[in-house]
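Here's the structure we're looking at; comments come further down.
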Amino acid sequence: MLWVALHLPLLSLESFAATLAGRAAEHGIALVDEHCIAAADAAAIAQGVKPGLKRATALALAPRIVLGQADPARDAEAMRSIVHAALAFTPSVSLQPATEPGRAADTVLLEVQSCLRYFGGSERLLERVRASIEPIGHSLRIASAATAQGAAILAHLEPTPLCTTLEATRRALVAAPVWLLGPGRAHWEALQGMGLRRVGDLLGLPRAGLARRFGETLLAELDAAFGRRADPREPIVPARAFESRLELFARADSSEQVLHGASILLARLVAWLAAQHAFVQRFRLLMHHETRWQQGDRTPQATALEIALAEPSRDSAHLLVLLRERLAHVQLPAPTLELALQASDIVKRAAPNGELFPTRQSEDEGLVRLIERLQARLGAGGVQRLCAAEDHRPERASALRSDAVARPSRASRNAAADATAALPSALPCARPIWLQLPEPLAERDARPLLEGRALALLSGPERIESGWWDDDLAERDYFIAEASDGALVWIYRARLPLSSSGENGWFLHGRFG
Amino acid sequence: MVAAIVTAAALPPPPSLPLSAVAKRQRGDAAVVRRMPETLHPDLWLGHQLGRTGAQTLASGFARLDAELPDGGWPRGALSELLLAHPGVGEMRLLAPALVATQRDGRLVMLFDPPAALAAAALAVLGFAVDELLVVETRARLAPGSDGLWALEQALKSGHVGAIVAWLPQRLRAERLRRLQLAAHRHDGVAFILREAAAAARPTAAPLRVALHAGGADRVQLRVLKRRGPPLETPLELELPSVLSATARRRSASGKHRRLPAATFVDVA
């Protein structure tokens, strides 16, 4: 068995930083728990803030620092997406329970022996694990060991050792400081007083005495780390539907601020999709607004933004572009306090092949993305497909439809054999390419005029009389006429005898483009 | 390669070579030097020549037009500007062979902001696969302050669209056209922009500019205002696929127009 431990040393700081927008974090951030500083980032430490200080002292030292409340639930939420990212590599992923009560777990354990060969060795695998966690935005320490407990302990060391055999694991553990053992931290002073600094120092001591002084758990953990005791772990199964929340530190007034938080949620969504080996079909961004306690206030509690994709995807950059375009159109009724991203409509399928040269498939995919992007900005009706309809009335014979545009059918690709077929020299049906709304034409000596010049009738009449069944009766005689500049136009007049439409005179209906 | 030949000619001939041989070699070099401008670099040509850049083009389907276009067809990866006074001078029938060939190649044709509704039947007769034509309307739903040409630019930049025909708004500023031309470098296929005739007075960033006029029934007159090469002096008249019957065409050519046929109707009521 080979276990890999992913340890996030700055988990709570980073999950807090994700709720800040823009450059709010540039003067340092720190987390407060029960009026004392619980964690501080490098910029804050440089100003003298360190864990354990009173809140007021920290503010006196660094007045521009951003102080946030430590929140184990927020950390657990962030940790969940790390677990999802890890699940893309192996099904047996578990969380190492936190050593201190009231804190979220910050170490994920992966059993990778079974998938090493598939990913091409542990080095490659770790590289890919790093790459997949990078977009979620957490700094990472990776250790590997032959035992789960051993890997969790070694991940706290600096630099982290990568052991593949039980022997190497034991050697690395012997040199590790004793407080890395979970229960060792509680007995830290006693252990130090007895001169026991390294884990290796405990090994030579009588086990009965150790158990009496420091409890059974210390011994159990020691044995598990050294592989002398079974250490079963319950693998985590990802939820069937995705939902992740992000409470923003400050109210977000602009869509740009919302987008910053949404990009973090999208990275989590992509991690969840990777764990499922699935692609998202539609997702929903909920923006919870500040409640106003005013009489008659009709501000909604939340604004929902539903985004449906023509082609399922798990490319966070593409999803973010779609979200940005849609957000640009949304007028937020009130400042946003909290974001939530939900997705349940997913499609499971094999991952697309990587390609060196552009192929038909990559072109189709690029086209679908282009159309989705255009639709996100222009609205669903912005991109339409032309369809022919069975009707004699020219204005009803063709229609624009906006459904299924993003899936070019490519039926004609099979007919590519006659790609060189020449145009017909004469067209069997005389219909103009451009149709306009019927435009009344002036008349002189019973001849139609276009822009003050007489039209010369060349061909016609062609009678179209249709549509008595749907109250849109057309009774027209169409002529092709030549305008003074030589262009051909399509004009009609109402059928003369018994015309029921009541329209009179000549109308311009189309132009031969 | 040419530089090497020139240096060799500048050097004094080796003494062992007979004089006649030297003279012959110099004559040969001179021939190379005279041939130079267009062979040196694809972007070089003499003023009276038509540019031969070796760039890929798409045949227009009209042999006489191809002969007048640099590299024998509509340029790919660059804008082709068509100027016309009003829609309906035969522009779609002129572009149809190139667009249909693109569709038969299995690639997508996109139309941006067509000036009127398109009749599917008329396009199908020209050979188009009608339900694979995508029509993009950018002006109707333009959010205030946003860029109307954004969609066109995205489509050009993506490089996945087979052919683009775009009707541009009037009085477009030159720098915006320049941006489109830059975006077209990444486009793999033909891209036509259709503009009003008055734009001819202003410079263009597109390497090809053609003015279209109706040249009588089922004919279109082209004047190539800008190309890689000399401007075309005499207008080119092309025969388009005919919508008229043979008799109607004869009638149009003879100039004798029939009187109003309305007289043939008798009001029986």
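Values in this text are rule-based calculations from the coordinates and carry no lab data. Please read all numbers here as calculations on a predicted model, not as lab measurements. Because the Cβ atoms are built from the backbone with ideal geometry, glycine has one as well, and the counts that use them run over all protein chains shown.
Of note:
- Cβ-derived FRET efficiency at R0 41 Å, A:VAL174 paired with A:ARG212, nearest 0.05: 0.95
- The charge dipole of the protein assembly as shown, taken about its Cα centre with unit charges on the Cβ atoms of Lys, Arg (+1), Asp and Glu (-1) only, comes to about 1800 debye.
- For A:HIS288, net neighbour charge (Lys/Arg +1, Asp/Glu -1) across residues whose Cβ lies under 12 Å away: -1
- Karplus 3J(HN,Hα) series, Hz, for region B:179-191 with 6.51 cos²θ - 1.76 cosθ + 1.60 (x for Gly, Pro): 5, 5, 5, 5, 5, 5, 4, 8, 7, 10, x, 7, 9
- Cα-based reach from B:LYS157 at 16 Å (exclusive), listing aspartates and glutamates while leaving out same-chain residues under 8 positions away: A:GLU363, A:ASP364, A:GLU365, A:GLU372, B:ASP147, B:ASP188
- Per residue, the average separation of C-alpha pairs within less than 8 Å and at least 6 apart gives chain A a relative contact order of 10 percent.
- For the protein assembly as shown, the mean residue ellipticity at 222 nm estimated from helices alone is -9000 deg cm²/dmol, where every DSSP H run of n ≥ 4 contributes -39500 (n - 2.57) and the total is divided by all residues, rounded to the nearest 500.
- Which of B:PRO87, A:ALA430, A:PRO358, positive extreme of dipole for the protein assembly as shown (C-beta unit charges): A:PRO358
- Cα-based shape type of region A:3-225, given that a ≥ b ≥ c are square roots of the gyration tensor eigenvalues and the cut on a/c is 1.5: oblate
- For B:GLY229, nonlocal amide neighbours, meaning residues 5 or more places apart or on other chains whose placed amide H falls under 5 Å from its own, are B:GLY51.
- Cα-based shape type of the protein assembly as shown, given that a ≥ b ≥ c are square roots of the gyration tensor eigenvalues and the cut on a/c is 1.5: prolate
- Relative contact order [Cα under 8 Å, 6+ residues apart], region A:251-338, whole percent: 43 percent
- Scalar couplings 3J(HN,Hα) for region A:94-106, obtained by applying the Karplus form with A = 6.51, B = -1.76, C = 1.60 to θ = phi - 60°, are 9, 9, 7, x, 5, 6, 9, x, x, 10, 7, 4, 10 Hz; x denotes Gly and Pro.
- Region B:76-139: C-alpha gyration tensor shape, a/c 1.5 cut-off, then a/b vs b/c: rounded
- Per-residue HN-Hα couplings for region A:383-393 [Karplus 6.51, -1.76, 1.60; θ = phi - 60°; Hz; x = Gly/Pro]: 10, 10, 10, 7, 10, 8, 10, 7, 7, 7, 6
- For region A:69-97, backbone nitrogen atoms closer than 16 Å to the point 7 Å from A:ARG128 Cα along Cα-to-C-beta are found at A:84-93.
- Interchain or long-range residues, amide H under 5 Å from A:LEU450's placed H: A:LEU455
- Of all DSSP-defined beta bridges confined to the protein assembly as shown, some 75% are antiparallel rather than parallel.
- Alpha-carbon centroid distance for the pair region B:209-228 / region B:98-125, whole angstrom: 20 Å
- Dipole magnitude for region A:3-225: about 280 debye, using +1 per Lys or Arg Cβ and -1 per Asp or Glu Cβ, origin at the Cα centre.
- Signed unit charges on C-beta, dipole axis of chain A, positive-most listed residue A:VAL368, A:ALA21, A:GLN192: A:GLN192
- Since only A:GLY52, A:HIS392, A:VAL66 are under comparison, the one whose Cα sits farthest along the positive direction of the charge dipole of chain A, derived from C-beta charges on Lys, Arg, Asp and Glu, is A:GLY52.
- For A:GLU306, the shell of other residues with beta-carbons less than 15 Å away shows a net charge of -1, using +1 for Lys and Arg and -1 for Asp and Glu.
- Amide H partners (placed H, <5 Å) of B:GLY215, local residues excluded: B:VAL220, B:GLN221
- Computed extension gain for A:SER254 through A:LEU332, at 0.36 nm per residue and net of the alpha carbon distance, reaches 27.3 nm.
- Counting charges near B:ALA122 (Lys, Arg +1; Asp, Glu -1) among other residues having Cβ under 11 Å from its Cβ returns a value of +3.
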